[in-house]
Structures are given as structure tokens and as C-alpha cells.
Amino acid sequence: MSRRIAPVLAERSDDPRRAINLTVNGEAVTRDVSTRLLLSDFLRHDLRLTGTHVGCEHGVCGCCTVLIDGHSARSCLTLAVQADGSAIRTIESVAADDGTLHPVQRAFKECHALQCGFCTPGFVMSIVSHFEEAGTLDLSEDGVREMLSGNLCRCTGYQNIVAAVRRAAELMGRGGKG
């Protein structure tokens with residue numbers, strides 16, 4: 001007998017439940033969820049959007065970064081019910097429908113800014129958030145490293161990630177000081 005874990009846990013839970021309505025990657029979603037369900041678990045298990053990775057589960061590593069109403073946020077620190085009424089974007093929304101990479105993804109590829117790739121979705125979402133905000137980007141070494149400071153990578157020395165941010169800025173026509 002092969003039952004998935006999530007439904008079994010949901011069936012046994014006495015947690016209060018609440019209906020949530022949100023938009024995920026442009027699609028309206030309505031679900032009845034436990035009031036204790038983390039947004040990261042909702043995205044990964046209920047919606048099967050497994051590009052959002054869960055690393056530390058304490059909001060330190062940034063692997064679970066998604067955009068909530070256009071701003072980067074840790075999905076492992078956000079309850080699904082807190083996202084009620086919000087627009088959520090995950091890494092699955094970044095590339096074009098035809099598979100064309102977003103300029104940030106393209107820059108990561110061109111600059112060899114990833115190794116194991118576990119942290120990459122969080123970095124990409126955080127960088128996309130910065131690039132979509134109005135204002136001048138600080139593309140100096142310190143400015144880019146500050147931009148990346150909410151995400152951890154255990155494999156790279158960050159040098160190629162810094163280069164990828166600058167390359168993405170070029171690709172997107174987002175010059176800045178630096």
C-alpha cells in the first residue's frame with residue numbers, strides 16, 4: 001500500500017483549518033489548509049512546485065526565497081495562511097513558457113555561478129526581486145555582496161555569483177553605480 005505522507009498527516013491533524021485564496025505563478029489557487037502549514041510546504045507538497053528548496057528551515061540560508069507581492073520573502077518562515085490574498089512567484093515562474101531562461105538564470109549559466117544548484121533558486125528569486133524594484137542598483141563589489149547577503153551557498157566562493165549579478169544587469173539593461 002503506497003499512501004503519500006502529506007494526505008495521511010492532514011487526515012490525522014486536529015489543527016484548525018482555513019481557506020486561502022492566492023495567486024501562484026499567475027494562477028488562482030484556493031485551498032483549505034492547516035493554520036500551521038508553512039508556505040514552503042504548501043508550495044512543495046500541495047502544489048508540487050519543488051523548485052522552492054528548503055535548507056535550514058530557520059530563514060538563514062535563503063534557499064526557500066519566493067516573491068510575495070513582488071518582494072523576496074522566506075517561505076519557510078511564512079505560514080500559508082499569511083499569504084492569503086497575495087501573489088506568489090516561485091522559481092518555476094522565472095523562465096519563459098517556451099523555456100527561454102530569464103536573464104538572471106542565463107547569467108548564472110554563462111558565469112558558472114552554480115555548482116550543486118541547491119541554493120540557486122533562492123539566489124535567483126532574491127536577485128530578480130532586487131532587479132524588479134525601482135531605483136539604481138549598486139553593482140560595486142560591496143553592493144552586490146550586500147544584495148546577496150540573505151542567501152548562503154556552501155559550494156562556490158561567491159565570485160562567480162557576483163559576476164552573474166553584473167552580467168544579468170547588462171542583459172537586462174539595468175546599469176547602476178559600481
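The values are calculated or read from the model by the stated rules, or taken from the named source; none is laboratory data. Just so it is clear, the model here is predicted, and its values are computed rather than measured. Here the Cβ positions follow ideal geometry from the backbone for every residue, glycine too, while neighbour counts run over all protein chains shown.
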Checklist entry - Is it the case that the stretch 70-80 has a residue that's surrounded by fewer than 20 Cβ atoms within 10 Å (Cβ to Cβ) and within 14 Å of Ile127 (Cα to Cα)? => result yes
Item to check | Single condition Phe131 does not satisfy, out of (1) in contact with a Cys (Cβ under 6 Å, 6 or more places away or on another chain); (2) within 19 Å of Leu67 (Cβ to Cβ); (3) of a type outside the set (S, T, N, Q) | outcome: (1)
Checklist entry - (1) closer than 30 Å to Cys155 by Cβ; (2) part of a strand (DSSP E or B): which one isn't true of Thr52, the others all being true? => result (2)
Item to check | Subset of the stretch 43-99 that is among the charged types (D, E, K, R) and over 21 Å from Asp15 (Cβ atoms) - its residue that is farthest from the chain's Cα centre (by Cα) | outcome: Asp98
Checklist outcome for this item: Within the stretch 119-137, restricting to residues that are out of contact with any helix residue (DSSP H, G or I) (no Cβ under 9 Å at 6 or more places or on another chain) and part of a helix (DSSP H, G or I), the one that is modelled with the lowest pLDDT is Glu132
